[in-house]
């Protein structure tokens, strides 16, 4: 039992597809050649995130998962604000399709879920405004994801299921008829 | 590799991470008694697939009754009438060998609980109805209805001030949706 274990993977390992990681590696190599300090994982987030929304979500997941560097509350707030800014300026034409949106919704919701999970003591304090706000955001995200899934109309779905069942029942009855019986 | 393909690959990897994290969460306190402690977040999820049954007239009558219950609820003038229609649907005797009924009952219960929550003092009643149906010890169908019911349970728990139940319910809902998505992509 280990509620507070940290994942072995670093944020930079989570923060982008291969071409983005190559770009990150190139930047890091140039900085080293110039005698500059190697960028930490946090500094690489915008470079990864500007590629597409998925990278933003992965970066969020990394932070929520505790894979990023230790941050003060102020630094953490700045990071989330930077990520929000990048996300908010995303090209609407390059927005993912509906299926991608579902994946991203799931991932973002899971990232939010993991924030209280890795700080379980917060969940016992219902009066904690930050924990409560996180919980509400988690619920909103879960509802949005659910709303993206087909089958949201109860009556329509129940009726379709009944109609399908009736068709199968009548089909089975017809196939059991001895001489090509009709309905 | 195109952006779409790359995103898909990344998303799969991400969900694998998420599911791995969820699995870790399930390992936090495997003992049921321990989980019963106040404040513990129970994220256990047992699922099963729904296979179509051999159709029978009794099964059809049940499914028709459920569809009618939803239709009456849609036409209800107020929350009280809607709740009555949904209660009647839940009270329908369940025929044997009709696994298709399981998600329908979850949908009815979820909708009823949403309706109850609109009424004064309805949240505790709704929690009493829905929580046992979604007990982590019970296996849930891999269906949208399970996810929807878990989200409703999470909302009810938030209303009742039970943050641990809310977090566990939302997390289980997300896992059900992940499983559904995986099935759709097969």
**Q.** Filter result (exposed (fewer than 13 other Cβ atoms within 10 Å of the Cβ) and over 21 Å from residue A:163 (Cβ atoms)) within the stretch B:50-79
**A.** B:77, B:78
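Rundown of residues vs (1) more than 12 Å from residue B:45 (Cβ to Cβ); (2) free of Cβ contacts under 8 Å to residues at least 24 places away in the same chain; (3) part of a helix (DSSP H, G or I), yes/no style:
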site: B:146; (1), (2), (3): no, no, yes
site: B:152; (1), (2), (3): yes, no, yes
site: B:167; (1), (2), (3): yes, no, yes
site: B:180; (1), (2), (3): yes, no, yes
site: B:184; (1), (2), (3): yes, yes, yes
Q: Return yes or no: is residue B:158 in contact with a helix residue (DSSP H, G or I) (Cβ under 7 Å, 6 or more places away or on another chain), in a helix (DSSP H, G or I) and at pLDDT 95 or above?
A: no
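Take the residues in the stretch B:91-123 that are in contact with a helix residue (DSSP H, G or I) (Cβ under 7 Å, 6 or more places away or on another chain) and surrounded by fewer than 17 Cβ atoms within 10 Å (Cβ to Cβ); name whichever of them is farthest from residue B:74 (Cα to Cα).
Taking the stretch B:91-123 as the starting set, the residues that turn out to be in contact with a helix residue (DSSP H, G or I) (Cβ under 7 Å, 6 or more places away or on another chain) are B:92, B:94-95, B:98, B:100-101, B:103-119, B:122-123.
After this cut, where a residue has to be surrounded by fewer than 17 Cβ atoms within 10 Å (Cβ to Cβ) as well, the list is B:94-95, B:118-119.
Working: B:94: 22, B:95: 25, B:118: 15, B:119: 17 Å.
Restricting to residues being in contact with a helix residue (DSSP H, G or I) (Cβ under 7 Å, 6 or more places away or on another chain) and surrounded by fewer than 17 Cβ atoms within 10 Å (Cβ to Cβ), the top hit is B:95.
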Q: Read through the list (1) over 13 Å from the mean Cα position of the chain (by Cα); (2) closer than 25 Å to residue B:64 by Cβ; (3) at pLDDT 95 or above, then give the number of the only condition that residue B:95 fails.
A: (3)
Q) Scanning the stretch A:134-169 for residues that are within 7 Å of another protein chain (Cβ to nearest Cβ) and assigned to a loop (DSSP other than H, G, I, E, B), which turns out modelled with the highest pLDDT? A) A:149
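The values are calculated or read from the model by the stated rules, or taken from the named source; none is laboratory data. Since the model is a prediction, treat every value here as computed from it, not as a measurement. Ideal geometry is used to build each Cβ from the backbone, glycine not excepted, and the neighbour counts take in all protein chains shown.
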